[in-house]
Amino acid sequence: MTSSATPKPPRHLLTLDDWTADEIEQVLALARDLKRKAKFGERPPLLAGKMLAQVYDKPSLRTRVSFEAAMARLGGSSTFMTSKEAGLLGRESLPDVAAVLGRMVDAIVIRTFSQQLIEDVAAYAACPVINGLSDERHPCQALADLLTIREACGTLDGVRLVFVGDGNNVARSLAVASGKVGVAMTLCAPDGFSFDDTFAKGLKKTVPQLNITLTKDLKAAIKNADIIYTDVWASMGQESESSARKQAFAAYQITEQIMAAAPQSCRFLHCLPAHRGDEVTDGVMDGPQSLVYEQAENRMHLAKGLLVTLIG
Ligand code: CP
Ligand code: NVA
């Protein structure tokens, strides 16, 4: 007997806007469990026979290797290409590339400039598409950061997260994630670098419950911080603005003095790569409050939790 039922549409991670708190919790719980198992040398073959394609147009260490390691350690495999190599820059049409890739692999991670390109691939691929970073969003980073924040603070609810720097892809995804799980977020940025009006309006609609403060006053922002988080001042693709941004953000460097003005229990996070000496000093990066390497490691545990949720 043939079934006329249409297949369930794949669950994508393009932004966190359409992810519920329960879905996020499920991924975090899996990631935590798999992290604990990994510490005991356990590698359950939850992705045996599964295949991941990674399509990247920007450099990556953490995102690329976290997904590759997650697949390998859970029994699956992966392949890597640029979108030019995949054929997305004119060799054939985007719908053709996405449809073919989606029939050959179980999930696709894309890192590129345009958020729209990732969403277009998702529209034509019959498998989950994961945003590995666009100019606008970095949802995998935000999910992994929730894991790190929960480990550092014992909870997410009511945690005071202070993001100092550019209202960029990382800050945006952190804001949405914070709203979903009850983290209170402050974005501390100089004039012209806070969330733009369109994003701020959308944020209010997507996560009306989000406790968000937008300020340029660094001292006031960090006074009661549980977590101080920063990122590069010029993101990938903004290299030509580097020196102008260095000037604009000069007063926003995270120094030992800034950490000392925050509560003693405050922890420092950075998605990495860091530009040591710009947004953060060596003393903070390597200091006792820094969790940056644990945070980076959590990208891999999160990738496992995410992949098992989407294709396991
Ligand atoms: N944090 C992060 O996404 O690092 P990569 O650019 O190395 O992937
Ligand atoms: N905002 C940074 C994050 C890198 C992980 C960038 O887009 O370059």
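Scan the range 266-274 and tell me whether some residue there is at pLDDT 95 or above and either away from ligand 1 (no atom under 16 Å from the Cβ) or in a helix (DSSP H, G or I) (or both). Yes - at least one qualifying residue is present in the range 266-274.
Does THR112 qualify as being over 30 Å from ARG36 (Cα atoms), within 16 Å of ligand 1 (Cβ to nearest atom) and touching a strand residue (DSSP E or B) at 6+ places or on another chain (Cβ under 8 Å)?
Spelling it out, THR112 is indeed over 30 Å from ARG36 (Cα atoms), within 16 Å of ligand 1 (Cβ to nearest atom) and touching a strand residue (DSSP E or B) at 6+ places or on another chain (Cβ under 8 Å).
Scanning the range 1-57 for residues that are surrounded by fewer than 12 Cβ atoms within 10 Å (Cβ to Cβ) and basic (Lys, Arg) yields LYS8, ARG36, LYS39.
Residue count for the range 31-60 under the criterion of being of a type in the set (Gly, Ala, Ser) and more than 29 Å from THR82 (Cα to Cα): the result is 2.
Listed by position, the helices (runs of 4 or more DSSP H) inside the range 157-259 whose residues that are hydroxyl-bearing (Ser, Thr, Tyr), within 15 Å of ligand 2 (Cβ to nearest atom) and within 21 Å of the chain's Cα centre (by Cα) number at least 1 are 169-181.
Across the range 277-300, the qualifying residues are those that are of a type in the set (Asp, Glu), part of a helix (DSSP H, G or I) and within 15 Å of ligand 1 (Cβ to nearest atom), and the one among them that is surrounded by the fewest Cβ atoms within 10 Å (Cβ to Cβ) is GLU294. Considered as a group, the residues in the range 271-303 that are within 30 Å of LEU74 (Cα to Cα) and of a type in the set (D, E, K, R) include one that is farthest from the chain's Cα centre (by Cα), and that residue is GLU294.
Okay, residues lined up against (1) modelled with pLDDT of 95 or more; (2) within 20 Å of HIS138 (Cα to Cα); (3) surrounded by fewer than 14 Cβ atoms within 10 Å (Cβ to Cβ); (4) in contact with a Ser or Thr (Cβ under 8 Å, 6 or more places away or on another chain):
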| residue | (1), (2), (3), (4) |
| --- | --- |
| PRO208 | yes, no, yes, no |
| ILE212 | yes, yes, no, yes |
| ILE222 | yes, no, no, no |
| ILE228 | yes, yes, no, no |
| ALA234 | yes, yes, no, yes |
| PHE249 | yes, no, no, no |
| GLN257 | yes, no, yes, no |
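With the range 62-146 as the region, which helices (runs of 4 or more DSSP H) entirely inside it contain at least 2 residues that are closer than 25 Å to GLY237 by Cβ and within 13 Å of ligand 2 (Cβ to nearest atom)?
Numbers: elements: 62-73, 83-86, 94-104, 115-124.
So the answer is 62-73.
Screening ASP22 on (1) at pLDDT below 95; (2) assigned to a helix (DSSP H, G or I) shows it passes everything except condition (1).
The values are calculated or read from the model by the stated rules, or taken from the named source; none is laboratory data. Given the structure is predicted, the values throughout are model-derived calculations rather than measurements. Cβ coordinates were reconstructed from backbone atoms using ideal geometry, including for glycine residues, and neighbour counts include every protein chain displayed.
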